[in-house]
Amino acid sequence: MTTSLDNTLRSAIRTIPDYPKPGIMFRDITTLLGDARAFRRAVDELVHPYAGMQIGKIAGIEARGFILGGAIAHQLSSGFVPIRKKGKLPYDTVRVAYSLEYGIDEMEMHRDAVEQGEKVILVDDLIATGGTAEGAVKLLRQMGAEVIAACFVIDLPDLGGRKKLEEAGVTVRTLIEYEGD
Ligand code: AMP
């Protein structure tokens, strides 16, 4: 990674200690989204390896994955698929349970959102334990998508999410790491 990319992103991301609960260092990308240069740089870097690859859909995880995913879909001339918390999507859905730090939750996507064999890239702002992204990959694969990669601006390597996804056969692309979380 070039130092300038690391600097541009790191200085645009705000850290809120003890949010949403004590001990969590919340990496707030709203400041990056509000910085035109940093936002463009992040999107450009995430799409770069996939330019010209005929990616059918970008799947974004609610909610920050929608913002990044929409921009990435536009750049790659791909469609966009929302992966949402249960009960939010209006048509027939497929649902998967995924693990949170304490307990489990469920996420859904529309049953007809991807085609058999379609090339899909999964997008979210940050990967921590990887539980959320792993659930999204399961949904996409269940519907026959070929998950080309999972892309995140931020990796928290100490929480092992990247490793978990890679062990599930997913190529992971991240732009910046925060150690010790
Ligand atoms: P995980 O399933 O543990 O990989 O958690 C990833 C999801 O939780 C992503 O949608 C992130 O936006 C959010 N998340 C987890 N930890 C943090 C953190 N320290 N700062 C900001 N967002 C986080």
message: Are there strands (runs of 3 or more DSSP E) fully within the range 1-78 with at least 3 residues that are away from the ligand (no atom under 12 Å from the Cβ), out of contact with any Asp or Glu (no Cβ under 9 Å at 6 or more places or on another chain) and more than 19 Å from Leu156 (Cβ to Cβ)? List them.
response: none
field: Those residues of the range 153-181 which are assigned to a strand (DSSP E or B), open to solvent by less than 10 Å² (accessible area, probe 1.4 Å) and either more than 14 Å from the ligand (Cβ to nearest atom) or under 18 Å from Met53 (Cβ atoms) (or both), in sequence order
entry: Leu175
query: How many residues does the range 99-143 hold that are touching a strand residue (DSSP E or B) at 6+ places or on another chain (Cβ under 7 Å) and either closer than 17 Å to Ile58 by Cα or open to solvent by less than 20 Å² (accessible area, probe 1.4 Å) (or both)?
result: 31
- prompt: Does Ile55 satisfy the criteria of being within 19 Å of Arg141 (Cα to Cα) and among the β-branched types (Val, Ile, Thr)?
  reply: yes
task: Just give me the residues in the range 37-80 being farther than 22 Å from Thr8 by Cβ, in contact with a helix residue (DSSP H, G or I) (Cβ under 8 Å, 6 or more places away or on another chain) and surrounded by 19 or more Cβ atoms within 10 Å (Cβ to Cβ), in sequence order.
output: Ile55, Lys57, Ile58, Ala59, Gly60, Ile61, Ser78
- line: Residue hits (the range 24-82; under 14 Å from Asp125 (Cα atoms) and aromatic (Phe, Trp, Tyr)) are Phe26, Phe39, Phe66
message: Suppose we filter the range 118-175 for residues that are under 11 Å from the mean Cα position of the chain (by Cα) and either among the aromatic types (Phe, Trp, Tyr) or closer than 23 Å to His74 by Cα (or both); how many remain?
response: 19
query: Which members of the range 96-152 meet the condition of being in a loop (DSSP other than H, G, I, E, B) and within 16 Å of the ligand (Cβ to nearest atom)?
result: Leu100, Glu101, Tyr102, Gly103, Ala128, Thr129, Gly130
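The values are calculated or read from the model by the stated rules, or taken from the named source; none is laboratory data. Since we're looking at a predicted model, the values are computed, not measured. Glycine gets a Cβ as well: all are built from the backbone with ideal geometry, and neighbour counts include every protein chain shown. Areas reflect the complete protein model, heavy atoms only, side chains present, ligands, DNA and RNA absent. Shrake-Rupley method; radii C 1.70, N 1.55, O 1.52, S 1.80 Å.
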